[in-house]
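Undergrad: Sending over a structure as C-alpha cells; questions will come in a sec.
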C-alpha cells in the first residue's frame, strides 16, 4: 500500500469515527466534499475493515463555498405535565406529510430536546434551505398548517419573541 492509499484510508477511518451522519471536508485544492453515510454507529476497529463498515449513500462534489448549516432554535411548552406528555407522543409519530415537508425544504437532520417546559431544536440544512422558503412552503401546505395548529395547543412563545413567532433562532456564543 503506498502512502497515498494509506492517507485515504486514514481519512475514511477519521470520517467514520465522527458522531454525525454527514460531514464535509475541504481538500488541498479548496474543493468541498460532502458525505452521507448509511451506518456510522459501527465502531471501526482497523483500517482493513473501513470500507466494509461504510456504505456511501451520496458523494457530492461541491464547487462552491456553500456548507451545510446548523441552526439552533428554542420554544416553550405550556406548563402542564399532561399537555407535555401529549406533545411528546405526537413527536414519536410525526405525520408523514410534515416529515416530507421538512426534508423537501433542505433540512437534512432535526433533533428536539426538552428540559422542563423549554424546547431546544438543532436543525442541519443543505444549500437548498432558507427560512423564507420554508415559511412560504409551510403556509401553502394544509397538512403542515394542521400540524402547526395542533402543536400550538401545547406551545407558547419564549420571552421576547416577536408577535406570532414560535421557534426563535438562538445566537451562538461559544464554540470549541
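Undergrad: Relative contact order for segment 101-176: what percent, with Cα pairs under 8 Å and sequence separation of 6 or more?
TA: The value is 20 percent.
Undergrad: Sorting 119, 77, 150 on the 10 Å Cβ count, fewest up front, what's the list?
TA: 150, 77, 119
Undergrad: Put a dot 7 Å past each Cα toward the Cβ at residue 128 and residue 79; how far apart are the dots in nm?
TA: 4.2
Undergrad: Shifting gears a bit: How would you classify segment 69-169 from its alpha-carbon gyration tensor, with a ≥ b ≥ c the square roots of the eigenvalues: rounded for a/c under 1.5, else prolate if a/b is greater than b/c, otherwise oblate? Kindly include the intermediate steps, with their values, before the conclusion.
TA: Numbers: a/c = 1.55, a/b = 1.37, b/c = 1.13.
Prolate is the answer for segment 69-169, as a/c is 1.5 or above and a/b outweighs b/c.
Undergrad: Obtain the nm distance between the two label points defined at residue 140 and residue 104 by a simple spin-label model: each point lies 7 Å from its Cα along the Cα-to-C-beta direction.
TA: Those two pseudo-labels are separated by 0.9 nm.
Since every read-out is calculated from the coordinates, none of them should be taken as a lab result. From a predicted model like this one, the values you see are computed outputs, not experimental measurements. Counting neighbours? That spans all protein chains shown, and the Cβs are built from the backbone with ideal geometry, glycine included.
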